1. Using amide H atoms built in the peptide plane, which far-off residues or other-chain residues are under 5 Å from Val181 H to H?
2. For region 87-94, in order, what is each residue's ³J(HN,Hα) by Karplus, 6.51 cos²θ - 1.76 cosθ + 1.60 with θ = phi - 60°, in whole Hz (x at glycine and Pro)?
3. Keeping to pairs on different chains or 8 or more places apart, tell me how many lysine pairs in the chain have Cα atoms under 21 Å apart.
4. Considering amide H positions built from the backbone, and no H for Pro or chain starts, which residues 5 or more places from Thr57, or on another chain, come under 5 Å of its amide H?
5. Please sort 165-176, 224-235, 79-90 by packing, taking for each peptide the average over its residues of neighbouring beta carbons within 10 angstrom, highest first.
6. Compute the acute angle (0 to 90°) between the alpha-carbon long axis of helix 116-131 and the principal axis of greatest extent of the alpha-carbon atoms of the chain; round to the nearest 10°.
7. Kindly write out, for region 186-191 in residue order, the coupling ³J(HN,Hα) from the Karplus curve 6.51 cos²θ - 1.76 cosθ + 1.60 (θ = phi - 60°), rounded to whole Hz, with x marking Gly and Pro.
8. How much length, in nm to one decimal, is gained on full extension between Ser97 and Asn246, taken as 0.36 nm per residue of separation minus their Cα-Cα distance?
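We did not get these values from a lab; they are worked out from the coordinates using the rules stated. Computed from a prediction, not measured in an experiment: that's the story for all the values here. Don't worry about glycine lacking a Cβ; one is built from the backbone with ideal geometry, like all the others, and counts go over all protein chains shown.
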Amino acid sequence: MDFKDKVVLITGASSGIGQRLAIDLAARGATVVGCGRSLERLQETANELKRYSSSSTVHVCDVSSPQQVKETVEKVVSQFGKIDILINNAGFGLYQSFADIPLDAIESMVRTNFLGAVYCAKEVLPSMIARRSGHIINISSVAGKIGTPYMAAYCSTKFALIGLSESLYHELRPHGIHVSVICPGPVRTKMHLLFDRMTLGAPEFLILKTEDVSRVVIRMIEKERFQAIIPSWLAAVCFFKALAPNLFRVVSYHLLRSPLLQKIRRTP
Ligand SMILES: NC(=O)c1ccc[n+]([C@@H]2O[C@H](COP(=O)([O-])OP(=O)(O)OC[C@H]3O[C@@H](n4cnc5c(N)ncnc54)[C@H](OP(=O)(O)O)[C@@H]3O)[C@@H](O)[C@H]2O)c1
C-alpha cells in the first residue's frame, strides 16, 4: 500500500508502540502527526520523523481532555486538509488490587485508555464521513480478551475498546470507513513493567518487540483486517477461551492461584 498521500494521527507517540508506529509509517512515506502530553518527551519522535518525512510533526495533546483533542484534530485538518488514519494508542496500566486502587486512578485510566479513543474517533469522524474514507485503529490488548487479577481497571478499558471497535466496524463500514483493533500480549516498552510480574519474567522470546506490533498494525491497514491477536500462542489461548469459556475460567483460576504466582503477587 502506498502511504505517500496518507495523513496519520497517532496518539501516545512519544514512546513504545506509538513511537515505533510513527517512525515506521513516516518511513513508508506517510505524513505522521504524533501526539502525547509532553513536548519534551515527543522530541525524540520528532527528530526521527524528520529523517523520513519533512511534513511529519508532533503535537502536545492529552487525550483525556476532549477540548485538547478537538483543538489538535482541528489543527491537523487545517494544516494537512484531512486525517486518513487515526491510531488510538495512548494508554497506561496499573497493577494493583481492585480493593486498593484509588478511584481517581481508575477514572484516569478510563479517560485515557477508553474515552481518549472515543474523543479522537468522534473528532475525526465528520471529515472521514464527508470524504467517505478513513481507517481507525484501536490498540487494545490481550488484557481486553482475558480478565486478569490485579488489572481490573486496565482490563475493563481494553475490553471496552474491543466493544467500541466491533460496534463501529458495523456502523462505519457503510460510510467507507474501516475499523481495526489489535490485541498484543506483553510488549517490551516502559509499560511492560506492569506485565513483567504477570509473565513471571518470561523468556525474551515470549515478549513482543514494538517492531512486531508495528508490522502487524501496518499489515492490518493494508489488508483492511478487523482484528489481530499477537503473538499466535496468545491468540490460541483466546481461541480456547472463546471455545470453552467455563472450562477456561476454571483452568485459569487454578493456574493463577498457583503458589509461585501468589508469592510474586504479594511482592509490592
Ligand atoms: N507494553 C505492553 O505490554 C502492551 C501490551 C498490550 C497493549 N499495550 C497498549 O499499547 C499502548 C501503548 O503502550 P506502550 O506499551 O507503548 O507504553 P508506553 O511506552 O508507556 O507509551 C505510552 C504512550 O501513551 C502516551 N500517553 C499516556 N497517557 C496519555 C494521555 N493522557 N494523552 C496522550 N498520550 C498519553 C505516553 O506519552 P506521554 O506520557 O508523553 O503523554 C506514551 O507515548 C497502550 O494503549 C497500551 O495499553 C501495551
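1. For Val181, the qualifying residues are Asn138, Gln227, Ala228.
2. After applying 6.51 cos²θ - 1.76 cosθ + 1.60, I find 10, 7, 10, 4, x, 8, x, 10 Hz.
3. Eligible lysine pairs with Cα atoms under 21 Å apart amount to 24.
4. Val32, Val33, Gly34
5. Averaged packing, sorted descending, gives the order 79-90, 224-235, 165-176.
6. The angle comes out at about 40 degrees.
7. Along region 186-191, the couplings run x, 10, 6, 9, 4, 6 Hz.
8. This chain segment gains 51.3 nm when fully extended.
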